[in-house]
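Every number here is computed from the coordinates shown, using simple stated rules; none is lab data. Computed from a predicted model, the values in this text were never measured in an experiment. Here the Cβ positions follow ideal geometry from the backbone for every residue, glycine too, while neighbour counts run over all protein chains shown.
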Amino acid sequence: MEKLGFLGLGIMGTPMSRNLLRAGFDLTVFDVDAAKVSALVSEGAKAAADPAAMARQVDVLIACLPNADIVDQVVSGDEGILDGCQAGQVFIDMTTNYPEASIATSEKLAGKGVQMLDAPVSGGNAGAEQGTLSIMCGGPLDAYERCLPVFEAMGKRITLMGEQVGAGGYAKLTNQIMVSIHLASVAEAFVFAKKAGLDLQKLVPALEAGWANSMVLNVKAPKILNNDYSPVGTVRVQHKDLSYILRTMESLDMKLPLCPQIHAMYQQLIDAGEDGLDQMALIQIFEQLGGVQMND
């Protein structure tokens, strides 16, 4: 069985690592937060001093990190993966990343004989905990087949989107386009319904029984009704993903209308210091536009 290294023990990385341990993998972990490392060591993982040290100890390296800049630092920075990697290894980046950045990283690793898969995920913290993530991969078929048992320990639906690094990232950004628009559509619809005087407690099950139903509605409607903006996914992360979408649209030489508008709304929330709130805090912008407060 492959020896694995996992870099990034955040809200997604910690439960994903636990599932790899449960599947019986020999796992080494690294994070800048020593307490998160210690917690997983107590559950059977080993600790690495830095990414380079990890790369000297494992067969497959997995990263799930906040953004493209941190991935680049982990790979190319001082004591990064490139300082310790060996030919024949595989690097899996499960970060929601900018596809062109992933391609550039794969080229750096190829110079050391290391294959790369970009394999971002969808399913949120619940999917990470339950091992039911949707994993969208891009990269060489042989590396994908080699790593399939690793993916199966973390996810329920694993799809090779293409044999080029970046294909996974394009698929995840497509997912994030739909999620962002769903969030905005729920916000606009609920503000409309509130202004019209509807009982939202009755409205939600009616919507869930028809074509308006979605996972976004199922998860976010209770948060709206309870005025609960404790984060499941944050304003900051949704804004970051939309920024990558806009950059990718530019690199593809295309202009689409909705994501730029939603990105601007999330920027308003960030400017107001609300970047740590749940992504459904977007409804506050619609409340201002509609002249109504959901919990009045």
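For trypsin sites (Lys or Arg not before Pro), the sites in segment 173-262 that DSSP calls loop and that have at most 10 other Cβ atoms within 10 Å are 255. Helix 215-225 and the long axis of the chain differ in direction by around 50°, with both axes built from C-alpha atoms. An oblate overall shape is assigned to segment 124-178, the ratio a/c of its alpha-carbon gyration tensor axes (a ≥ b ≥ c) being 1.5 or greater and a/b not exceeding b/c. Taking R0 as 41 Å, what's the FRET efficiency between residue 56 and residue 232 from their Cβ-Cβ distance, rounded to 0.05? With R0 = 41 Å, the Cβ-Cβ based efficiency is 0.65. Take the alpha carbon atoms of segment 63-78, find their center, do the same for segment 236-259, and report the distance between the two centers in whole angstrom. Segment 63-78 and segment 236-259 have Cα centres separated by 20 Å. Backbone geometry of segment 70-82 corresponds, through the Karplus equation with coefficients 6.51, -1.76 and 1.60 at θ = phi - 60°, to 3J(HN,Hα) couplings of 6, 4, 4, 5, 5, 7, 10, x, 4, 6, x, 4, 4 Hz, x marking Gly and Pro. DSSP finds beta bridges in the chain, and of those with both partners inside it, around 15 percent are antiparallel. The antiparallel fraction among DSSP beta bridges confined to segment 99-212 stands at about 35%.
Rounded to the nearest 10 degrees, the angle from helix 167-195 to the longest Cα principal axis of the chain is 20 degrees. Available extension along the chain between residue 246 and residue 76 is 58.7 nm, counting 0.36 nm per residue and deducting the alpha carbon span.
So for the chain, averaging the separation of alpha carbon pairs under 8 Å that are six or more residues apart and normalising by length, what relative contact order in percent results?
That works out to 14 percent.
Taking the C-alpha atoms only, the angle from helix 13-22 to the longest principal axis of the chain is near 50 degrees.
Please say if segment 3-163 is rounded, prolate or oblate, where rounded means a/c under 1.5 for a ≥ b ≥ c the square roots of the C-alpha gyration tensor eigenvalues, and otherwise the choice is prolate for a/b larger than b/c and oblate otherwise? Judged from the Cα gyration tensor, segment 3-163 comes out rounded (a/c under 1.5).
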